[in-house]
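Report on the structure given below.
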Amino acid sequence: MLFGHSAWLRDKMAVTLVLQIALLCATFLVGVTADAPPGTFVTECRDRYFWMLIKRSFIQDRYRFDIIDDKGVHPLNGRYAASCGFTSVFNIPGDLIFRASFLACHVLNQKDTRFHLQFLFVNIDQFGRETSYPFSMTCNLGSDWKPREIVCEENYMEVSVRKNVPVIAQEGLGTEDWQGALPIAQQAAMMVWQVVIHKSGQPAKSMNISTMQALGYMVNSTSSRVYLRSPFGMPESEVLLVAGIQVEAIRATVFYKQRWMLLLVDTSAACTKNNATFDGTRLIWEMPRIFTPLVLHVAQFQDKQITMGVEGILLNAPTLQTRGYNLSVNNTIVKISIPYGAEGGYLKSRVINNQYNQLYAIDLFLEHQWADDLWEVTQHRSFKPVNTPLIPETPYVINNTVPSEKGFTVTLGNFKPDVELKKLTINRVPLTLPEAQNRGVEIIKVQHPNGTNDFVLKVPFNNPLVSVEYIGGLIRRYTLNINYTLNIVPQNDPYFHPATIVCDVKDVSLPDVKSFCTETSIVFEVTPGNMDSNWELCIGNRSLPYTITEPKITIELPLFSIGYIYEDISLRGLTVRVELNMRNIKNLQVEKQFVQRCPIPTRKLLVCMPNGVITVVAVTMEPIPVVEPSKTTLLDRTCKPKEFDSTRALFTFSVNTCGTTSKIVNNYLVYENEVVYTRALFPPNAPVITRDSEYRLTIRCRYPLNDTLTLAAERKAVPAPAPYSGNGHGYLHLRSYDPMAKGNKRPRDVMNLKARIARDINYSQFYSTFPVSQSLLEPLFLQVELLHPYSLADHLILQDCWATLTPELDASPQWDLVTDSCLVTGDSYRTQFHPVLASTLTGTSSHLKRLEVQVQRSNKDPAFWRQVYFHCMAVVCDPNLEDTCNKTCVPGDRRSARSVDRFRKTHGYVSAGPVQMKPEGQVADIEAADYSPLPHSIPLVGVAAVFVSGLLLLVAVVLSVKS
């Protein structure tokens, strides 16, 4: 229907009935009809257009709008919607916005003051099933029509002008039936109407209305207005430069002939096509002040009003000032300037190559009213969505851990509202958010006034997910390796962000040991600490075959047992010492030593030491006359006592000296010597008279042949003491940062790293889009860069690099490329480092590392024919303080120490990929102790035997437990 709605004017009720019947039929045609869920749809009548918002969570994979009038149902597609005055777009939050012009097709128009639209929103699920939601909107005109109104929508431009019908003289009414002729004129046949198109440098082109509509234009009239609507990019439009700004314009004159007049209507329209610019802080959009295709005489141009708004709603001056918007006008340009992140706009997240990016977007609305020599008032309105380019952002990780709280507090931020936390991987354990909470991980989402969000994790130190390592000095290192999996909605783009948080706390309580001497032994009582599974107890360097697990244990060593150390042996007494060592199981370092010394009175004594030294205290008997100890010797008369008194003599000698003899008896090697006394004879050569007694003391030590001595013990549990009521204490061991102190560096938790894949060995160009398609026969070049170093002296080291089939750092399987800074070559690949030449860089070469990976054809490992991701763990150290910075690879026999030490440096993770590996032609672009032998391969012994005047004294080596 081209001219007005006369039928509707004649019989409003009849048309309404027809529409209701058409709506009912349409709902049966499209499928199931449902009521709109509360809060899902929002409808409004706005000045000159119908408006609807549909929540993003409600929209299925596919959808459409169907417009209903008395002729039936009209599905909207892109070109038809633009020709007929309908716009549907997604805003930045992801909600669907629907706008329909009051002059749109299929709108019931009552005298250009009241408008009615009926339509369906059709949701289509993945199986093609349709659910329709009917809507009926009636809107009144908000303000009077201007003589000429131009609307620049997102998909079309529309101009409507007032009809200027001449007044018919009174006498004319008698000869002509004016009241009857007017509807006829308004419904004149289409062939009577003509449109003349004007283009620069071309002759005018005349077309009838049918031809215009076939091309996609819409020319029509209402009771008081004539309008033309043109989608953007049409053949009869042209792009012009106005004040240096691109403008799309259509210049058209509509005329039609009646019996009594020829009506000419200027229906030209022009809209800006330029995008906004961003200067780093503000988003700027400009449009010409004077559209020369619409204004013939610039000298007579006069501004009447220029106002701006957001999302189709004009804003007053105080609101503009509060939000920081700026609207400025000069002789040629109207400029809108919006601060980055200002209210009214939206921040949007995007992920490119696992790089988090953000942009700021806002839907601007500008209304400009002016007057010129032909038009009393022209109203020009523009809907203009503008946005900044994608700006790379590095999310921050803040370690808010307070040691006294005995747990980690880690903050990841800041993210825009369209970023949600989906999963966590903690120390290689993948967890959904409910699983993480069930395992003692507290997850808190913190919203800031500016609309951004942080994600806070709280994990107790004693949580099994936390890695705990004892690093010495009563310090435990708690490590939390986190890989965050985030999601960007509504497009569901995954984003992975790794972080490693380390907290050193001096909270180790070593076992408490009390010791004392008895007449026959030394006793140790051990009360456990809080890391007893890390320690082993040793007598000297000989480990006991158990760890500290009971509330309290007692260890008793009888005299002369293995492990006794003889500090002093004299006639005054024997001083012995036993060392109970607490040793770290991992590195075998003694963390704490407990020493107990005991004096032992010496009377009769024989000690056969493991090193082959024999000490004996010989006690002379008391016959009359008395033997003088000072005159006793061993078989070798030159071996005299080291000490003696009136009744005792002390000898110390080695088994291969002083006339000692040896023999094998059964499984023992037996050493013998004697303490002898030389009698004084009178005369010396003729034994006639003697005043001295005969004295002979046999010394015998037995050492087992081919025997291995072991140290064994039993343990018994002792009832636990009463609960201790005192409070424990600890503190966080951090390096203090003093900017005035030389050599100090600020501690940092997370490194800023960037990984890129180069196109060639020169590392001059890098891939920007992924996945990268890579031939198996061509090498791949990986570069890792340290961003924002704290010091030029910082040195970047690739500690470990590996490849996986998926983006997760801990994915399986994995291929090691670099381990402990050493290159690793597999069956299907080889690796090598490339030097970084300082002459080719603008920065510091020590902040870059370059690695080449050559993948080869292999039957053993065909997985590299698939898509792979590359990951590296890098460390930063200062070559002025740590000489390990100058080493590119640590030998294999020293890697374990290196691996432990590496966590004392700042480190971080980085990833790159994916890379598709394809065949050539398919590329699109401590044990029991063993004692050392004595000289002459003599085995050692732990049993001593003494023959004294035919009496055998056996001193056994025993380790027992006392309860």
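In the stretch 803-816, of all residues being open to solvent by less than 20 Å² (accessible area, probe 1.4 Å) and either in a strand (DSSP E or B) or in contact with a Phe, Trp or Tyr (Cβ under 7 Å, 6 or more places away or on another chain) (or both), the one that is farthest from residue 494 (Cα to Cα) corresponds to 803.
Take residues that are of a type outside the set (Phe, Trp, Tyr) and open to solvent by 70 Å² or more (accessible area, probe 1.4 Å) and tell me which of the strands (runs of 3 or more DSSP E) falling wholly in the stretch 533-613 contain 1 or more. Reasoning before the result, please.
Details: elements: 535-539, 553-558, 564-570, 573-584, 590-600, 605-608.
So the answer is 564-570, 590-600.
Contact annotation: residue pairs with Cβ atoms under 8 Å, 6 or more positions apart or on different chains, pairing a residue in the stretch 442-453 that is under 12 Å from residue 417 (Cα atoms) with a partner that is open to solvent by 70 Å² or more (accessible area, probe 1.4 Å) and modelled with pLDDT of 90 or more, are 453/445; 453/447. Entry remark, the stretch 466-494: residues being within 26 Å of residue 583 (Cα to Cα) and aliphatic (A, V, I, L, M) number 5 in total. Annotation: residue 253 fulfils all but one of (1) open to solvent by 10 Å² or more (accessible area, probe 1.4 Å); (2) in a strand (DSSP E or B); (3) of a type in the set (S, T, N, Q); (4) closer than 28 Å to residue 363 by Cβ; the unmet one is (4). Given the structure, is residue 424 in a strand (DSSP E or B) and in contact with a helix residue (DSSP H, G or I) (Cβ under 6 Å, 6 or more places away or on another chain)? Yes, satisfied.
For the stretch 467-521, filtering for residues that are in contact with a helix residue (DSSP H, G or I) (Cβ under 7 Å, 6 or more places away or on another chain) and among the hydroxyl-bearing types (Ser, Thr, Tyr) leaves 1. When 870, 864 are checked against the criterion of being modelled with pLDDT under 65, open to solvent by less than 30 Å² (accessible area, probe 1.4 Å) and either under 16 Å from residue 782 (Cα atoms) or in a helix (DSSP H, G or I) (or both), 864 stands alone in meeting it. (1) open to solvent by 60 Å² or more (accessible area, probe 1.4 Å); (2) assigned to a helix (DSSP H, G or I); (3) modelled with pLDDT of 60 or more: which one isn't true of residue 895, the others all being true? Going through (1) open to solvent by 60 Å² or more (accessible area, probe 1.4 Å); (2) assigned to a helix (DSSP H, G or I); (3) modelled with pLDDT of 60 or more one by one, residue 895 breaks only (3).
Which is modelled with pLDDT under 95 and within 41 Å of the chain's Cα centre (by Cα), of 324, 312?
Numbers: 324 fails: modelled with pLDDT under 95.
Answer to the check: 312.
Out of all the residues in the stretch 785-814, which are of a type in the set (A, V, I, L, M, F, W, C) and farther than 15 Å from residue 873 by Cβ?
Residues of the stretch 785-814 of a type in the set (A, V, I, L, M, F, W, C): 786-787, 792-793, 796-798, 801-803, 805, 809, 811.
Result: 787, 792, 793, 805.
Scan the stretch 385-414 for residues that are open to solvent by less than 30 Å² (accessible area, probe 1.4 Å) and closer than 30 Å to residue 274 by Cα and report the count.
The first filter runs over the stretch 385-414 and keeps only residues open to solvent by less than 30 Å² (accessible area, probe 1.4 Å), leaving 386, 388, 395, 397, 401, 403, 407-413.
Checking the rest, the ones that are also closer than 30 Å to residue 274 by Cα come to 386, 388.
Within the stretch 385-414, residues that are open to solvent by less than 30 Å² (accessible area, probe 1.4 Å) and closer than 30 Å to residue 274 by Cα number 2.
When the stretch 335-372 is filtered for residues that are among the acidic types (Asp, Glu) and surrounded by fewer than 17 Cβ atoms within 10 Å (Cβ to Cβ), the ones remaining, listed by number, are 343, 367. Going by what's in this entry, would residue 544 be described as closer than 27 Å to residue 601 by Cα and modelled with pLDDT under 90? For residue 544, the condition - closer than 27 Å to residue 601 by Cα and modelled with pLDDT under 90 - is not met. Specify which of the listed residues (413, 407) is within 25 Å of residue 488 (Cβ to Cβ) and small (Gly, Ala, Ser). Criteria check complete, one pass: 413.
The residues on offer are 94, 85, and the sole one that is of a type in the set (Gly, Ala, Ser) and under 44 Å from the mean Cα position of the chain (by Cα) is 94. Scanning the stretch 87-136 for residues that are touching a Cys at 6+ places or on another chain (Cβ under 9 Å) and hydroxyl-bearing (Ser, Thr, Tyr) gives a single hit, 101. As a summary of the residue check, residue 638 satisfies the conditions (1) farther than 21 Å from residue 602 by Cα; (2) open to solvent by 60 Å² or more (accessible area, probe 1.4 Å); (3) at pLDDT below 90 except for the one numbered (3). For the stretch 375-415, filtered to residues that are assigned to a strand (DSSP E or B) and of a type in the set (S, T, N, Q), the residue that is farthest from residue 477 (Cα to Cα) is 378.
The residues listed here are 491, 437; of these, the one that is open to solvent by 50 Å² or more (accessible area, probe 1.4 Å), within 30 Å of residue 61 (Cβ to Cβ) and not in a strand (DSSP E or B) is 491.
The values are calculated or read from the model by the stated rules, or taken from the named source; none is laboratory data. Model, not experiment: these values are computed from the prediction. Neighbour counts run over all protein chains shown; Cβ positions are idealised from the backbone, glycine included. All accessible areas refer to the heavy atoms of the entire protein, side chains included, with ligands and DNA or RNA removed. Shrake-Rupley method; radii C 1.70, N 1.55, O 1.52, S 1.80 Å.
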